[in-house]
Amino acid sequence: GTITIGSPEVTNVIATGTALEQEVIGLAAAVERSVSHPLADAIVNAAEQREVALPETDNLRQIPGSGAVAEIGGLEVAVGRSTMGVLGEAAREAADRLASEGSSVVCVFRAGAAIGVIGLSDRPRQEAAAAVADLRGLGVSSIAMITGDNSAAASAIANEVGIKDVRADLMPQDKLRIVESIRERHGSVVMVGDGV
């Protein structure tokens, strides 16, 4: 597991193009329903709760650390990081606002242009702060949180559990490089979580 409980929930669906919110969550869920990731599960659950019908997808492919892409109605739909398409001013503003509020941000693109932004949030595990304190009590001086999530969301979680060294916005290979760097500097390393 990770520091968080691993059950994020959709908190915001913001349509930034010509699509409606229901279409944004429906297209995102259609792409994400075959992806194994907590954010994908949360998006699919949100679409189900809103009783949104999911269109059929073709040619699904996952891009590790970035998101997933599929064809829907002959158009490519990408769901994930802001780098998966052209964000545009409205989508960038929405993504920045959600990130500044501590949300994880998933962008939805159709034919390369952003049509919406989805905000998600997760909570730290109940025992996470105590575990970090126990590690410090055992003499572990270097504790770092490495994550693919945005800086604001990562910092909010890290503050709650007492971690000061936060590395965010990372791809899987970046996480591996950081773990190797920490090992070179400190010797033995314990890595708890996923993604490396």
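The values are calculated or read from the model by the stated rules, or taken from the named source; none is laboratory data. In this text the structure is predicted, and so the values were computed from the model without any measurement. Counting neighbours? That spans all protein chains shown, and the Cβs are built from the backbone with ideal geometry, glycine included. Protein only, heavy atoms only, side chains kept; ligands, DNA and RNA dropped before computing areas. Shrake-Rupley method; radii C 1.70, N 1.55, O 1.52, S 1.80 Å.
Among the residues of segment 141-152, count how many are polar (S, T, N, Q) and part of a helix (DSSP H, G or I). Spell out how you get there, then give the answer.
Initially, segment 141-152 is screened for residues polar (S, T, N, Q), giving 141-142, 147, 150-151.
Checking the rest, the ones that are also part of a helix (DSSP H, G or I) come to 151.
Adding up the residues that qualify gives 1.
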- Query: From the set of residues in segment 86-102 that are in contact with a helix residue (DSSP H, G or I) (Cβ under 9 Å, 6 or more places away or on another chain) and farther than 18 Å from Glu21 by Cα, which is most open to solvent (accessible area, probe 1.4 Å)?
  - Reply: Glu101
- Is there any pair with a first residue in segment 155-172 that is under 14 Å from Ser142 (Cβ atoms) and a second that is in a loop (DSSP other than H, G, I, E, B) whose Cβ atoms are under 6 Å apart and which are 6 or more apart or on different chains, and what are they? Ile163/Ile143
- Query: Filtering segment 3-25 down to residues that are among the hydroxyl-bearing types (Ser, Thr, Tyr) and either in a strand (DSSP E or B) or open to solvent by 50 Å² or more (accessible area, probe 1.4 Å) (or both), which residue is farthest from Gly119 (Cα to Cα)?
  - Reply: Thr18
- Task: Output yes when any residue across segment 44-64 is over 15 Å from Pro8 (Cα atoms), open to solvent by 20 Å² or more (accessible area, probe 1.4 Å), touching a helix residue (DSSP H, G or I) at 6+ places or on another chain (Cβ under 8 Å) and assigned to a strand (DSSP E or B), and no when none is.
- Result: yes
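In segment 110-130, what residues are in a helix (DSSP H, G or I) and either under 30 Å from Leu75 (Cβ atoms) or open to solvent by less than 50 Å² (accessible area, probe 1.4 Å) (or both)? Step through it out loud before you land on a result.
In the first step, residues of segment 110-130 are kept if they are in a helix (DSSP H, G or I); the result is 128-130.
Matches in segment 110-130: Ala128, Ala129.
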- Task: Count, please, the residues in segment 93-138 that happen to be more than 23 Å from Val44 (Cα to Cα) and of a type in the set (Val, Ile, Thr).
- Result: 1
- Item | Tally, over segment 167-195, of residues that are open to solvent by 50 Å² or more (accessible area, probe 1.4 Å), outside any helix (DSSP H, G or I) and at negative phi | 7
- Task: Would you mind telling me which numbered condition in (1) open to solvent by 30 Å² or more (accessible area, probe 1.4 Å); (2) under 29 Å from Met145 (Cα atoms); (3) in contact with a helix residue (DSSP H, G or I) (Cβ under 8 Å, 6 or more places away or on another chain); (4) among the polar types (S, T, N, Q) Ser34 fails?
- Result: (3)
- Considering each of Ser34, Ser7 in turn, give the residue that is hydroxyl-bearing (Ser, Thr, Tyr), in contact (Cβ under 8 Å) with a residue 12 or more places away in the chain and in contact with an Asp or Glu (Cβ under 7 Å, 6 or more places away or on another chain). Ser7
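For segment 153-166, name all the residues that are outside any helix (DSSP H, G or I) and either touching a Cys at 6+ places or on another chain (Cβ under 6 Å) or open to solvent by 40 Å² or more (accessible area, probe 1.4 Å) (or both). Show your work before the answer.
Here is the first cut: in segment 153-166, the ones outside any helix (DSSP H, G or I) are 162-166.
The answer is Lys164, Asp165, Val166.
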